[in-house]
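To keep things clear, I will list the structure first and then write my remarks on it.
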Amino acid sequence: MSEAILVLENVNASYGKSHVLHGVSMHVNAGEIVNVLGRNGMGKTTTMRTIVGLLRAHAGSVRFEGVDLVGMEVDDIARRGISLVPAHRGIFTLLSVQENLQIALRKHAPWTLERVYDEFPRLRERRRNLGGALSGGEQQMLAIARALVQGPRLLLLDEPTEGLAPVIVDELTELIRGVGASGIPIVLVEQSFAVCRALCRRHYILEEGIVVYEGRTEDLDADVSVLERFLGLDVDAH
């Protein structure tokens, strides 16, 4: 069994008086892609924000490579090798693709500009275009590529395929699969179970800030009622 690189234990987090995460526990092993599922507003993005320190847990621990991150500053957590690609992507719309990448590029990172362009050929074609002139799918590719040139040891992807056309979703799925195959562990928050099923072997489901299910893809295939009960999915359509 692979060693866990990220371990959340009984994590509680709040926005002001609104208690959002209630004892969340999960782990990510080295080299795997793990999925966090749940309806909107159930705590998925809050979990990601808590991991990177944008929201501070008031109970529990978030251990990355054996070190508890709770209480650390956001930039210190980032320097330890955790990169978050938020749902809003966060690219610089008035800078070119290449400028977006060069700003984030870290010396000695395994993902060089040339490697990114090899893996994301659309970005090579658009490298002189402004970020704001890209399509939604291209902006998402740029956001992921910008995280990669920082040399992450853990990548968090929050809703990477939301609002994108099916053909672009398929392309992004293959790109994410390639990133995972390179050895970078990934935590994926994603609404499309088809994408989750294609990429992930293990899944967590959040319901009102509580982990209500943990299982492998084959477990979900064997009990499709889980998807209907917690996600409201029409199984026949997925």
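For this structure, a couple of remarks:
- Relative contact order %, the chain, counting alpha carbon pairs below 8 Å whose residues are six or more apart: 26
- Rounded to the nearest Hz, the phi-derived 3J(HN,Hα) couplings of segment 180-190 under the Karplus curve 6.51 cos²θ - 1.76 cosθ + 1.60 (θ = phi - 60°) are x, 5, 6, x, 7, x, 10, 9, 10, 9, 8, where x marks glycine and proline.
- Segment 93-150 shape via C-alpha gyration tensor axes, a/c threshold 1.5: prolate
- Beta bridges from DSSP with both residues in the chain: antiparallel share about 60 percent, rounded to the nearest 5.
- A prolate overall shape is assigned to segment 1-123, the ratio a/c of its alpha-carbon gyration tensor axes (a ≥ b ≥ c) being 1.5 or greater and a/b exceeding b/c.
- Springs join every pair of Cα atoms under 10 Å in this Gaussian network model of the chain, and among Gly215, Gly60, Gly131 the largest mean-square fluctuation is at Gly215.
- Counted by neighbouring Cβ atoms within 10 Å, the residues Ile33, Ile5 run from fewest to most as Ile5, Ile33.
- Shown for Lys107, Lys44: other C-beta atoms within 10 Å of each C-beta, ranked fewest to most, produce the order Lys107, Lys44.
- Value of [θ]222 nm, deg cm²/dmol, for the chain, DSSP H segments ≥ 4, -39500 (n - 2.57) each, nearest 500: -9500 deg cm²/dmol
- Tensor-based shape of segment 41-111 (alpha-carbon gyration tensor, a/c under 1.5 rounded, otherwise prolate or oblate): oblate
- Counting beta carbons within 10 Å around each of Glu3, Glu214 and listing the fewest first gives the order Glu3, Glu214.
The numbers here are math on the coordinates, done by the rules we state, and not lab data. Note that the structure is predicted; figures quoted are calculated from it, not measured. Neighbour counts are summed over all protein chains in view; Cβ atoms, including those assigned to glycine, are modelled from backbone coordinates with ideal geometry.
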